[in-house]
Amino acid sequence: MSSQPSWIIGLMSGTSLDGIDAALLRSDGEAIAGFGPALTQPYAPDLRERIRALLGKGGHEAGAVARLVTEAHAEAVAALLNRAGMTAKDVAWLGFHGQTILHRPDDARTWQIGDGALLARLTRIATVADFRSMDVAMGGQGAPLVPLYHAALARHAGLAPPLLVLNLGGVGNVTWIGDALLAFDTGPGNALIDDWMLKHAGSAHDEGGATAARGRVDEAALRRLLDHPYFYAPPPKSLDRNDFSADAVQGLSLADGAATLTAFTAASVARGLQHLPQRPVRCLVCGGGRHNATLMRMLTQQLNMPVEAVEAVGWRGDSLEAEAFAFLAARAVRGLSLSLPGTTGVRLAVSGGRLYQPD
């Protein structure tokens, strides 16, 4: 397989269920040679709710929803190619993560719906999918997979270690970049906050953290939330979106519940610092959570270090995970490792992914 840099489209739909991120990256799977356009295509409300109904359990609708998810990804690819002024022939591969509906690494189960073969046929582009199964089969957690891309970005930008990269999607996860890589899920990211806002205000999320900013953190509820065995377990460790419950804040006002759940996310990241080999010099935040000003303020207070959105170093926070799956697709087709013992707990560095040709 050629080691020359190629244009690759990465596709990511996270546990926040907001939609599909698509990004063009030029890479050989080791270094970054260029960035192309990126976009976000929201899920249609009906599809979002059908996915939500599958979370944590699957169901008889999984096959039909998987096809709809795949077709939505094909539409995102077409829109990105149009934006870039490119055709399918200009792209070597698609990196297709799929939509996670269940993640139970302790039971050796991780389930991302989406049909790689169908996506290859619809787009006429060779598609790499099923990034997590090999890691789980080899004793890993199957997550997080983005750390190798975080490290490549840090090298590309010439950033000094030790550095902490925090991704705040539905679940929070960190990558510690020092003389090695260490990564793990820290706890809830935006999922509990989003679900609280949807249930009590009919909003998809707390825009800018405005609701939480009006509220008061209920310290007793926060202590109950933090009294969870996950926070005492050493890495490697990873989570399902629904592993935490908002039961502790039931009965609080809309604003106080949002404030307490936002404080929970920040405090869970701070708890994770105890597992790092060395204190980072700064924390760079990607994912939707970086748009939540209240959460960013709480993180700065809890971590007691500079906390900045990744745009501060020129990275694209809204498309970073999509870029990562472009990068991982290039690694997969070359047989390079996608995960390491320090990132997922896999027994040894392992590759993965499955390649589907358009025909």
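Check each of the trypsin sites (Lys or Arg not before Pro) in the stretch 1-75 and keep only those in coil by DSSP with at most 16 other C-beta atoms within 10 angstrom; list them in order. Could the numbers behind the result be given before it?
Values: sites: R26, R48, R50, R52, K57, R67; in loops: K57.
Passing both the DSSP loop test and the Cβ count: K57.
Legend: Rg and Dmax of the stretch 20-161, from Cα coordinates, 16.4, 49 Å. Just to be sure I understand: with springs between alpha-carbon atoms less than 10 Å apart, which residue in P162, P234, P105 has the highest mean-square fluctuation in the Gaussian network model of the chain? Maximum fluctuation in the GNM of the chain, among the listed residues, is at P234.
Using the Cβ of G287 as centre and a radius below 11 Å, the other residues enclosed give a net charge of -3, where K and R count +1 and D and E count -1. Between L159, L148, L17, the residue with the greatest mean-square fluctuation in the GNM of the chain (Cα pairs under 10 Å linked by springs) is L159. Sparsely packed loop sites in the stretch 309-353 (the trypsin sites (Lys or Arg not before Pro) outside DSSP H, G, I, E and B with at most 11 other Cβ atoms within 10 Å) comprise R347.
Explain nothing, just the number: relative contact order of the chain, from Cα pairs under 8 Å at least 6 residues apart, as a whole percent. Please list the in-between numbers first.
Values: 823 pairs, mean separation 86.4, N = 359.
The normalised contact order for the chain reaches 24 percent.
Phi angles of the stretch 259-267 translate, via the Karplus equation with coefficients 6.51, -1.76, 1.60 and θ = phi - 60°, into HN-Hα couplings of 4, 5, 5, 5, 4, 5, 4, 4, 5 Hz per residue; Gly and Pro are given as x. Accessible area per residue for the chain, computed on protein heavy atoms with a 1.4 Å probe, is 39 Å².
Of all DSSP beta bridges in the chain, what percent run antiparallel (nearest 5)?
Details: 37 of 51 bridges.
Close to 75 percent.
Under 1.5 on a/c is rounded, so check that first for the stretch 201-307, then, if it is not, pick prolate when a/b is larger than b/c and oblate when it is not; a ≥ b ≥ c are the square roots of the alpha carbon gyration tensor eigenvalues. Since a/c reaches 1.5 but b/c is at least a/b, the shape of the stretch 201-307 is classed as oblate. When the surface is traced with a 1.4 Å probe over the full set of protein chains, T344 keeps roughly 0 Å² accessible.
Give me the net charge of G257's neighbourhood, meaning all other residues with Cβ under 15 Å from the Cβ of G257; Lys, Arg count +1, Asp, Glu -1. Mind showing how you got there, number by number?
Working: positive: K199, R214, R216, R224; negative: D194, D195, D206, D218, E219, D247, D256.
Combined, the nearby Lys, Arg, Asp and Glu give -3.
Among residues other than P144 whose Cβ falls under 14 Å from its Cβ, what is the net charge (Lys/Arg +1, Asp/Glu -1)? Don't skip to the answer; put the middle values down first.
Details: positive: R132, K237, R241; negative: D135, D185, D240, E321.
My count for the surroundings of P144 gives -1.
DSSP finds beta bridges in the stretch 91-205, and of those with both partners inside it, around 90 percent are antiparallel. Solvent-accessible area of the chain (1.4 angstrom probe, protein heavy atoms only): carbon and sulfur portion equals 51 percent. Computed from Cα positions, the angle between helix 62-84 and the longest principal axis of the chain comes to roughly 70 degrees. Were the residues from A53 through R124 laid out at 0.36 nm apart, the gain over their Cα-Cα distance would be 22.5 nm.
The values are calculated or read from the model by the stated rules, or taken from the named source; none is laboratory data. Fair warning: this is a prediction, and the values are worked out from it, not measured in the lab. Quick reminder, even Gly has a Cβ in these numbers, built from the backbone with ideal geometry, and neighbours come from all protein chains shown. These area figures cover heavy atoms from the full protein model, side chains too; ligands, DNA and RNA do not enter into them. Shrake-Rupley method; radii C 1.70, N 1.55, O 1.52, S 1.80 Å.
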